[in-house]
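The structure appears below as structure tokens.
The values are calculated or read from the model by the stated rules, or taken from the named source; none is laboratory data. In this text the structure is predicted, and so the values were computed from the model without any measurement. Cβ sites come from the backbone with ideal geometry, for glycine too, and all protein chains shown count toward neighbours.
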Amino acid sequence: MSLSEIKLLDSIENELKNSKNLLAFSAGVDSSALFFLLLRENIPFDIALVNYGLRDTSIVEERHAIDLAKEYNLTCYTTKAPYFRKNFEKNARDFRYSFFDSIIKKHSYNNLLTAHQLNDQLEWFLMRLTKGAGVNELIGLESISQRKNYTIIRPLLHISKEELLDYLKENDYPYFVDESNFNSKYERNIFRKEFSNRLLSQYQEGIKRSFQYLQEDKKNLMIGYRELFSHKEFYIIYYSREYQKSRIVDLYIKRLGYLLSSHQRKEIERLSSVVIGDNWVVESIENRIFIAPYIKIKMPKTFKEKCRVAKIPSKIRPYLYQEEINPFINCC
């Protein structure tokens, strides 16, 4: 692909031009390239940056983001993350998305744009492959995925990091290099250095086509389910094939901002009632999956009896009672 040919997918581009978009910006290679590609295509957007304070250049990068937004008449949202002593990657991700969620809710954005690219896609694939995973888990990054109140769009999944870097250099666009990307204490960096970069340098086009085929296969695997009812963070989903159960739950839990572990997926496949992270409860009965916030409250016996008759699983009932949802909605 020549630099002049680097572009967003047509279907995504058309969607973005008619939406209010927020770009997750870090000032690194990927998000900087996406920043200037969005400008080139006249796509409206603002930016949001989390300063983790881990590098000497963190303050400089935040100032750069603010100045860049001002130069192009965009809004820039920034925040300083606390210091995470343990589980940095997970805690940082949770903090980051909580920040994005609050901005999107307050300012009514339709889409969150992230700069994940082909290298990220392959790294995720290889990492999940070594831990044991099915198609749904192997293809963890999708061009379009749903959250609670907005859509996550990843316009660069078909473009490699090398192509993005060449694009920035050819046009003399500014960017910063995150030194943590070379730190071998992070598992992803090991896969990047030892495997994904080498594979892409030799087999990029074939790898790109393989991901396209796998995305189609993933869609076909999910045929045969439908959403019966939803209310805020409560869902009832019908499914026709037993192997779909954990895949469907994974899809919906991601919308709610939570990533399932492989252990949790196995529990969902094996059990009819699972509490996830003390936040969510997943219960299944008669080809129906129920997903709701996990709460404990006292309920009158009359309501419990209605739920029993309506075949509402026991751990789902408190949320229905709290939200005053008719238990017999499941019978419709």
In the range 313-332, which residue that is among the aliphatic types (A, V, I, L, M) and modelled with pLDDT of 95 or more is nearest to LEU259 (Cα to Cα)?
ILE316
Members of the range 269-321 found to be farther than 28 Å from ALA133 by Cα, touching a residue at least 60 places away in the same chain (Cβ under 8 Å) and not hydrophobic (A, V, I, L, M, F, W, C), listed by number
TYR319
Exception for TYR243 within (1) over 23 Å from LYS148 (Cα atoms); (2) touching a helix residue (DSSP H, G or I) at 6+ places or on another chain (Cβ under 7 Å); (3) of a type in the set (Phe, Trp, Tyr) falls at (2)
It is to be established whether one or more residues within the range 91-99 are farther than 23 Å from PRO155 by Cβ and over 21 Å from the mean Cα position of the chain (by Cα).
no
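One line per residue, one yes/no per condition, for (1) in a loop (DSSP other than H, G, I, E, B); (2) touching a Leu at 6+ places or on another chain (Cβ under 9 Å):
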position: ILE12; (1), (2): no, no
position: GLU15; (1), (2): no, no
position: ASP30; (1), (2): no, yes
position: PHE35; (1), (2): no, yes
position: LEU54; (1), (2): yes, no
position: ARG63; (1), (2): no, no
position: PRO82; (1), (2): yes, no
position: PHE95; (1), (2): no, no
position: LYS106; (1), (2): no, no
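Conditions (1) under 26 Å from ASN183 (Cβ atoms); (2) touching a residue at least 12 places away in the same chain (Cβ under 8 Å), marked per residue:
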| position | (1), (2) |
| --- | --- |
| ILE59 | yes, no |
| GLU62 | yes, yes |
| ALA69 | no, yes |
| ALA81 | yes, yes |
| ASN91 | yes, no |
Those residues of the range 228-254 which are closer than 19 Å to ARG270 by Cα, aromatic (Phe, Trp, Tyr) and modelled with pLDDT of 90 or more, in sequence order:
TYR238, TYR239, TYR252
The range 54-105, subset polar (S, T, N, Q) and under 22 Å from GLY277 (Cα atoms), residue modelled with the lowest pLDDT:
ASN87
Close pairs from the range 213-225: first in contact (Cβ under 8 Å) with a residue 24 or more places away in the chain, partner among the aromatic types (Phe, Trp, Tyr) and surrounded by 15 or more Cβ atoms within 10 Å (Cβ to Cβ), Cβ under 9 Å, at least 6 apart:
LEU214/PHE125
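Of everything in the range 195-208, what is of a type in the set (Lys, Arg) and surrounded by 12 or more Cβ atoms within 10 Å (Cβ to Cβ)? Give them in sequence order. Write out each step before concluding.
Taking the range 195-208 and keeping what is of a type in the set (Lys, Arg), we get 198, 208.
Within the range 195-208, LYS208 is the sole residue that qualifies.
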Those residues that are more than 19 Å from the chain's Cα centre (by Cα) and among the charged types (D, E, K, R), I need them from the range 201-259; list them, please.
GLU205, LYS208, ARG209, ASP217, ARG226, GLU227, ARG241, GLU242, LYS245
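Right, LEU126: touching a Pro at 6+ places or on another chain (Cβ under 7 Å) and in contact (Cβ under 8 Å) with a residue 24 or more places away in the chain or not?
Working: touching a Pro at 6+ places or on another chain (Cβ under 7 Å): no; in contact (Cβ under 8 Å) with a residue 24 or more places away in the chain: yes.
When the stated conditions are applied, LEU126 does not pass them.
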What about LYS70, is it under 22 Å from LYS254 (Cβ atoms) and part of a helix (DSSP H, G or I)?
no
